[in-house]
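What follows is a short report on a single structure.
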Amino acid sequence: MAKKEAEPDDAFKYLGFDVYPGKIEEFWKSEDEKKQYVQGVKTRGGQTSVLDREQALLNVRLMTPVDKIISIIGSVFLIISFVLPVYSFSLQGRNVSGSAISFFANLSVAGGYASWGGFVMELSLFLYALILIACPVAGVLNLIGLYSKKQGDEYFATVRKYHRYSYVPIGLYVLLFIVLVIGSPQPFGSLGVDAFGESFNIAAIFRMTGLGFWLNISGLAIGFAQSRGI
């Protein structure tokens, strides 16, 4: 059976009367707004643009208070991770753990050991040191953007501007995992560290990491997820 085509008048009937009957409201709020828009069109050489008003669909706030709170939590994770254990392992029955501060205090010792392990171990140590610095910095920058006093589109532009620095630690983590997938033999075996095993690889790192390591990943994941809607 042939499908009936809509009559041209059906659209006007649907839009103007049956669904939303009554007098159609004026589009312009005032004559001044109309004059400003017309003047703007003349200034641009006749090219039209979307109206920039609070009621315009393209200017609806994209970040709700809940979104902002979640983003703040992710940023706080990145900051406090610096003072929480980023490594934790058992050495001959004794638990050893330390924050990023402790990591950098013992970096010369770790670097000396890594030099015996070759390029993979040295690069892993270097990338991990950069991550421990980049994560709290990204957290602070995210908070600066989130607490900006700007409004509307300028606010979201500011949030995006500061949030893009979070991609630095994300990229460093990706590189670290790639290097660890390659792995390398331990230069002196496990040295009594159960988490080491006989190979320096991604499994060993996962066994040696502490709470701070996972808070960094959580904070970056939260920030990345929230940025999709900004």
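Could you grab me the full set of residues in the stretch 72-109 that are in a loop (DSSP other than H, G, I, E, B) and of a type in the set (Val, Ile, Thr)?
Passing the criteria: only Val86.
Restricting the first residue to the stretch 119-130 and requiring it to be touching a residue at least 40 places away in the same chain (Cβ under 8 Å) and surrounded by fewer than 20 Cβ atoms within 10 Å (Cβ to Cβ), which pairs with a second residue that is among the polar types (S, T, N, Q) and not in a helix (DSSP H, G or I) meet a Cβ separation below 6 Å and a spacing of at least six or different chains?
Correct list of pairs: Val120/Ser184.
Given the options Asp10, Asp32, name the one that is of a type in the set (Asp, Glu) and at pLDDT 70 or above.
On inspection, the qualifying residue turns out to be Asp32.
Identify, by number, the condition in (1) surrounded by 17 or more Cβ atoms within 10 Å (Cβ to Cβ); (2) touching a Phe, Trp or Tyr at 6+ places or on another chain (Cβ under 7 Å) that Ile144 doesn't meet.
(1)
The values are calculated or read from the model by the stated rules, or taken from the named source; none is laboratory data. Quick caveat: nothing in here was measured; it's all calculated off a predicted structure. With ideal geometry, Cβ positions are generated from the backbone for all residues, glycine too; neighbour counts draw on all protein chains shown.
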